[in-house]
C-alpha cells in the first residue's frame, strides 16, 4: 500500500469514526438511550374530542382552562388545504369535574382573526379583574403575530393583533405581563433541517423578545431553542425552557421596564417544552424524554412518542429539586407539550395527539 493510499485510508477511517462519535453524542443528548417506562399513567383519565391541545392557560380563581387547539397533523403535512386550516380556543370548565367524569370543551374562538393557527398562549388578569388571553398565531407563513383577546362572559372578544415582524423566525410561546405587554420566545427554526443543525451543534441562535406595548426588541439570548416561558407570582422572576439544551433558565425581571438579568440555569436532562407555575410556586414542565422520537412522531414517521411531566422547585442557590411525576411510553398520550396543576389534579396536553389527560396528583 502506498503512502498516499495509507493517508487517504486513515483520513477516511477518522472521518467515519468522527461521524460515528458525533452521531452517538447527538443521539445521547437527544435522550435516545433513555429508558422510558410508565409511571403514574394509571392515575389519569384520557379524553378525546379535541385536536392537538398544544398549550393550556388556567384561570384558577374562575376554575376554567383555555386550550390551544389545531389539527397540527394536517398543518404539518404540507397538503394544499393545510394553510387554510383554522384552529380554535377551547374552554374547559373545571368547577364540576370529578375524576372519571365527563368533560365539555366549549369553543370560545372569536371570528377575528380569520387566519388563526394558535400555538402558545398566556392569561393576564389585571388588578381591576379584567382578563385577557394572549395567543401566538402561526397562520401566516410570512407574518407571525400575537393575538390579544378580552375574556367576556360569552367567550373571547378580539382586541388587537401584534405583528412580530421579520426578526422573529418562529414564535413559540408567549407570556403576558400587562394589558398590551408580553414576552415571546423565538425558537429560531424554519424547518426540520434548521432544528437538527441547531440541536446537533448546539447553536445558541434562539432569543426571547419583549413587546412593551409599542415596540418589540430582544430581551434575552443564547438559547439553542427557547420554548416555554412563565413568571413568578410577584412578576420579579422569569423562567424560560430551552428544549434543545434541556435546561431551565432563570432571569431577574425589572417590573418597570421589562429588562431581564440572567440569574441561573438548572439542567433538567430531558426535552423540556412548556412550563406553568402552580399555586404553591412549583414549576410544572411537560417534556419529551426522547427528542428524536418526538421529531419523527411530529413528522408522521412514528405512531407514538413518550410523554413526561416534571415538577421542579427552585432553591435559593440557583438550583432546585427536579422530580418526574408522570411518564408514559406514549400509549395513553403522546408528545406531551404542557402540564398545568390545579387542586389535586394536573392536566396534560399534546403537541400532536388529539386528546388530553387529567391526572390525580399523588
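The values are calculated or read from the model by the stated rules, or taken from the named source; none is laboratory data. Nothing here was measured: the structure is a model prediction, and the numbers come from that model. Note that each Cβ is placed from the backbone with ideal geometry, even for glycine, and that neighbours are counted across all protein chains shown.
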Matching residues in segment 155-177 (free of Cβ contacts under 8 Å to residues at least 24 places away in the same chain and over 24 Å from residue 351 (Cα atoms)) number 2
Here the residues within segment 210-228 that are within 15 Å of residue 178 (Cα to Cα) and under 19 Å from the mean Cα position of the chain (by Cα) are 210
Of everything in segment 318-352, what is part of a strand (DSSP E or B) and within 13 Å of the chain's Cα centre (by Cα)? Give them in sequence order. 336, 337, 338, 339, 340, 348, 349, 350
As an exercise: evaluate residue 190 against (1) touching a residue at least 24 places away in the same chain (Cβ under 8 Å); (2) closer than 15 Å to residue 227 by Cα; (3) under 17 Å from the mean Cα position of the chain (by Cα) and give the number of the one condition it does not meet. (1)
Take residue 117 and tell me if it is under 25 Å from residue 275 (Cβ atoms) and either assigned by TED's automatic domain parsing to the domain that holds residue 152 or in contact with a strand residue (DSSP E or B) (Cβ under 9 Å, 6 or more places away or on another chain) (or both). yes
For segment 22-106, which fully contained strands (runs of 3 or more DSSP E) count at least 3 residues that are buried (at least 20 other Cβ atoms within 10 Å of the Cβ) and in the same structural domain as residue 333 (by TED's automatic domain parsing)? 55-59, 64-69, 88-93
Among the residues that make up segment 291-302, is at least one of them free of Cβ contacts under 8 Å to residues at least 40 places away in the same chain and touching a helix residue (DSSP H, G or I) at 6+ places or on another chain (Cβ under 7 Å)? yes
For segment 109-128: of the residues being assigned to a loop (DSSP other than H, G, I, E, B) and within 22 Å of the chain's Cα centre (by Cα), which is farthest from residue 47 (Cα to Cα)? 115
